[in-house]
Amino acid sequence: MSFAQLLDDLPLRKSATVRRFESLLAPKTAADFELLAQQARAVTRRYFGRTMRLFAPLYLSNECINNCRYCGFSRDNPILRVTLDVEQVVLEARHLAGQGFRQVLLVAGEHPKFVGRGYLADCVRALAPEFPSISIEVAPMETAEYAEIVNAGAEGLVVYQETYNRATYAEMHTSGPKRDFNWRLDAPERGYAAGFRRIGVGALFGLSPWQDEAVALAAHVEYLLRRCWQAQITVSVPRLRPAAGEFQPQFSISDAELAQLICALRVTFPQIGIVLSTRERASLRDVLISLGVTSMSAGSHTEPGGYTHQGADDLHLTVGGRAIAAETRTREGATATAQFEISDERTVAEVTDSLRRRGFEPVWKDWDQALAKS
Ligand code: SF4
């Protein structure tokens, strides 16, 4: 049975694992929450020790043909856009390598004219000698297309469903190929078939009631753990942040609820990676790391060229698929528009210092392509 069928049947047929997970999301007294937190800490320690995998997002392009109501890169937003060429991508990556990173997440909007799969494969190939772990977060592809990216040297695929509620999905994705819910939903399995060894899924919290999203996400994780058993499954629980377009979320998940969700994921699925981005503020991230998070970004920029101002002299508006010169492009210091505002603005060194003070060992590299060949 495909996950799409399973998802549609979910209200009527939940597995014992998903029912147990759901029970962990119910409101809790402070004492009950503390018990859950202790359990989550113990499980994390047993499976991952006191390590924290560090990665950086590297935005390649903010061109996009989709309109997603919550995203700054939406096609109709009149933002400053750019697509870095491969040399510029390498310069951005070298800056990250200088800070210690060996694990990068390449991010791009969906635009076949600017971000073709040949371009993505070229970027991966150029970075592979210096980055043992390269993941991509781009538009869903066919299996054969994913295989080209894997062959170029990528090992991780990230595809967030955004929302598992079909009606909300249709409401949020107003135009463009992203409107195809099932095509996106099946992307992790296509990626696995193509050879990705790390598969990341997630929901964007704030689009519908958080408990419903969390239950569907848990069902997806359970399904992928069975279907893609040779890959490491990672989960992300991003909350909406302010962005161009000024989308106002209808739903919220509080800090305490987010902590409870992370504990519930950890206790239910001890072996999965849990990813926490700089969307969350520093003080909250310092608390959440002990509850089950295993991977975090640091010092992030969410605009192409954000680390070293690459592409600053090619900023433009994109109208009807054509680049139009923007007045602001010549203004000194102008950068491409970011996808969303980050919240944890600490430097990489500040984040690693904070991790060490809390007894965590930052991990810059946990994988080498040579392992795949041995
Ligand atoms: S969420 Fe992705 S597909 Fe949607 S507008 Fe943003 S970059 Fe484009």
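The values are calculated or read from the model by the stated rules, or taken from the named source; none is laboratory data. Everything numeric here is computed off the predicted structure, so don't read it as measured data. Virtual Cβ from ideal backbone geometry, glycine too; neighbours counted across all protein chains shown.
Within region 274-341, considering only strands (runs of 3 or more DSSP E) that don't extend past its boundaries, which have at least 3 residues that are touching a His at 6+ places or on another chain (Cβ under 9 Å)?
Output list reads 322-325.
Which residue, of Arg45, Arg41, Arg102, Arg94, is in contact with a helix residue (DSSP H, G or I) (Cβ under 8 Å, 6 or more places away or on another chain), away from the ligand (no atom under 16 Å from the Cβ) and either at negative phi or of a type in the set (A, V, I, L, M) (or both)?
Arg41
Tell me whether region 57-66 contains one or more residues that are under 27 Å from Trp210 (Cα atoms) and among the aromatic types (Phe, Trp, Tyr).
No, the conditions are met nowhere in region 57-66.
When you go through Ser254, Ser277 one by one, which is the residue that is hydroxyl-bearing (Ser, Thr, Tyr) and either free of Cβ contacts under 8 Å to residues at least 40 places away in the same chain or touching a Lys or Arg at 6+ places or on another chain (Cβ under 8 Å) (or both)?
Ser254
Could you tell me whether region 108-118 includes any residue that is more than 30 Å from Leu207 (Cα to Cα) and of a type in the set (D, E, K, R)?
Checked against the condition, which is being more than 30 Å from Leu207 (Cα to Cα) and of a type in the set (D, E, K, R), region 108-118 yields no hits at all.
How do the pairs read when you match residues in region 85-99 that are β-branched (Val, Ile, Thr) with residues anywhere that are not in a helix (DSSP H, G or I), using Cβ under 9 Å and keeping only pairs 6 or more apart or on different chains?
What qualifies is Val89/Leu58; Val89/Leu60; Val89/Leu106; Val89/Pro304; Val89/Gln310; Val90/Glu130.
Report the residue count in region 220-249 for those that are closer than 18 Å to Arg279 by Cβ, assigned to a loop (DSSP other than H, G, I, E, B) and in contact (Cβ under 8 Å) with a residue 40 or more places away in the chain.
9
Give me a count of the residues in region 50-83 that are within 15 Å of the ligand (Cβ to nearest atom) and over 19 Å from the mean Cα position of the chain (by Cα).
Residues that pass the stated criteria total 10.
Quick one: how many residues across region 311-341 are modelled with pLDDT of 75 or more and away from the ligand (no atom under 16 Å from the Cβ)?
Counting residues in region 311-341 that are modelled with pLDDT of 75 or more and away from the ligand (no atom under 16 Å from the Cβ) gives 14.
Filter region 182-203 down to the residues that are within 13 Å of the ligand (Cβ to nearest atom) and part of a helix (DSSP H, G or I) and list them by number.
Answer for region 182-203, where residues must be within 13 Å of the ligand (Cβ to nearest atom) and part of a helix (DSSP H, G or I): Trp183, Arg184, Ala187.
Counting only residues that are under 24 Å from the mean Cα position of the chain (by Cα) and more than 17 Å from Val267 (Cβ to Cβ), give me the helices (runs of 4 or more DSSP H) lying completely in region 1-49 with at least 1 of them.
3-9
Restrict the check to region 256-268 and report whether at least one residue is in a loop (DSSP other than H, G, I, E, B) and either over 18 Å from Leu25 (Cα atoms) or not hydroxyl-bearing (Ser, Thr, Tyr) (or both).
no
For residues that are out of contact with any Asp or Glu (no Cβ under 9 Å at 6 or more places or on another chain) and either within 14 Å of the ligand (Cβ to nearest atom) or more than 22 Å from Tyr307 (Cα to Cα) (or both), tally how many sit in region 106-124.
Adding up the residues that qualify gives 2.
Please verify whether region 154-161 includes one or more residues that are closer than 23 Å to Tyr223 by Cβ and among the β-branched types (Val, Ile, Thr).
Yes, region 154-161 contains at least one residue that is closer than 23 Å to Tyr223 by Cβ and among the β-branched types (Val, Ile, Thr).
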